[in-house]
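Novice: So that we are looking at the same thing, I have put the structure below in structure tokens.
The values are calculated or read from the model by the stated rules, or taken from the named source; none is laboratory data. Bear in mind the structure is a predicted one, so any value in this text is a computation, not a measurement. We place every Cβ from the backbone using ideal geometry, glycine too, and count neighbours over all the protein chains shown.
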Amino acid sequence: MKIRKVKLDTRPQTDGIKNALPKVDFADTFATTNHQESLEVISNTVFGKIPKWISFLMKIRNGIVKIFGLKTEVSADINRKFEVGAYISFFQILSIQQNELILGEDDKHLNFRVSVYNSKEKEFNIKITTLVQYNNWFGKVYMTIVKPFHHIVVKTMVKQAYKAN
């Protein structure tokens, strides 16, 4: 198996993701194995290589949510730097630590954070965690609609980072 869903509470208490949002309304973590590459390479592999069918879904999503005034634009700074404030795909880099990278974005309906974490375990050491905080009722409705797609999309993207030992 190249990927599996894991519980967020199995991660060490010192993780940056645990304190990334003041309130968490949705969370999930998917894990894969990769001891060959850095967090920068893994992050760019997971989020920088978007399959065509996911790009198609994102275009549909952006067309719909633009009506509600949600963010749909991607920064012009994508993948040019690996530093806090720059972007990996459509995620802004918020924090870079030795074993964890925190990405995220805030919008009027919800705030989200994504962690790319290397636990150094023998298998399933790379853990991609998503946290979402609803800012209003629309954030909750949005996540209810998006959640089934989120699981499929994230699993597909995390699989891209798999590297056998």
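Novice: Is it the case that some residue within region 36-55 is in a loop (DSSP other than H, G, I, E, B), in contact with a helix residue (DSSP H, G or I) (Cβ under 7 Å, 6 or more places away or on another chain), at pLDDT 70 or above and on the phi < 0 side of the Ramachandran plot?
Specialist: If we filter region 36-55 for residues that are in a loop (DSSP other than H, G, I, E, B), which is where we start, we get 36-38, 49-51.
After this cut, where a residue has to be in contact with a helix residue (DSSP H, G or I) (Cβ under 7 Å, 6 or more places away or on another chain) as well, the list is 51.
Add one more test, that the residue is at pLDDT 70 or above, and what stays is 51.
Among the residues that remain, those that are also on the phi < 0 side of the Ramachandran plot are: 51.
Among the residues of region 36-55, at least one is in a loop (DSSP other than H, G, I, E, B), in contact with a helix residue (DSSP H, G or I) (Cβ under 7 Å, 6 or more places away or on another chain), at pLDDT 70 or above and on the phi < 0 side of the Ramachandran plot, which makes the answer yes.
Novice: Could you figure out which of (1) at pLDDT below 85; (2) on the phi < 0 side of the Ramachandran plot; (3) in contact with a Gly (Cβ under 6 Å, 6 or more places away or on another chain) isn't true of Glu100?
Specialist: Result: Glu100 fails condition (1) only.
Novice: Provide a single number: the residues in region 133-165 that are more than 25 Å from Pro22 (Cα to Cα) and either in contact with a Cys (Cβ under 6 Å, 6 or more places away or on another chain) or among the aliphatic types (A, V, I, L, M) (or both).
Specialist: Summing the residues that are more than 25 Å from Pro22 (Cα to Cα) and either in contact with a Cys (Cβ under 6 Å, 6 or more places away or on another chain) or among the aliphatic types (A, V, I, L, M) (or both) in region 133-165 gives 6.
Novice: Quick one: which residue in Lys147, Lys155 is surrounded by 16 or more Cβ atoms within 10 Å (Cβ to Cβ), in contact (Cβ under 8 Å) with a residue 40 or more places away in the chain, at negative phi and not β-branched (Val, Ile, Thr)?
Specialist: Lys155
Novice: Run down Ser89, Ser95 and say which single residue is hydroxyl-bearing (Ser, Thr, Tyr), modelled with pLDDT under 90 and under 16 Å from the mean Cα position of the chain (by Cα).
Specialist: Ser89
Novice: Continuing with this model, one more query. Name every residue in region 57-86 that is farther than 24 Å from Lys108 by Cα, surrounded by 11 or more Cβ atoms within 10 Å (Cβ to Cβ) and modelled with pLDDT of 70 or more, in order of residue number.
Specialist: Correct list: Lys81, Phe82.
Novice: Which of the residues belonging to region 113-138 are farther than 15 Å from Phe91 by Cβ, under 17 Å from the mean Cα position of the chain (by Cα) and not aliphatic (A, V, I, L, M)?
Specialist: Pass one, region 113-138, residues farther than 15 Å from Phe91 by Cβ: 118-127, 133-138.
Now restrict to residues that are under 17 Å from the mean Cα position of the chain (by Cα): 118-119, 124-127, 133-134.
Passing the criteria: Asn118, Ser119, Phe124, Asn125, Lys127, Gln133, Tyr134.
Novice: Continuing with the same structure: How many residues are modelled with pLDDT of 90 or more and β-branched (Val, Ile, Thr) when one looks only at region 142-153?
Specialist: Matching residues across region 142-153 total 1.
Novice: Starting from region 29-45, take each residue that is under 23 Å from Phe112 (Cβ atoms) and list its partners that are of a type in the set (S, T, N, Q) and assigned to a strand (DSSP E or B), counting only C-beta distances under 7 angstrom and pairs at least six apart or across chains.
Specialist: Close Cβ pairs satisfying both conditions: Thr29/Thr129; Leu39/Asn118.
Novice: A follow-up question, please. Collect the residues in region 104-117 that are out of contact with any helix residue (DSSP H, G or I) (no Cβ under 6 Å at 6 or more places or on another chain) and under 11 Å from Leu39 (Cβ atoms), keeping them in residue-number order.
Specialist: At the first step, the residues of region 104-117 found to be out of contact with any helix residue (DSSP H, G or I) (no Cβ under 6 Å at 6 or more places or on another chain) are 104-108, 111-114, 117.
If the condition is that a residue be out of contact with any helix residue (DSSP H, G or I) (no Cβ under 6 Å at 6 or more places or on another chain) and under 11 Å from Leu39 (Cβ atoms), then Tyr117 is the only one that fits.
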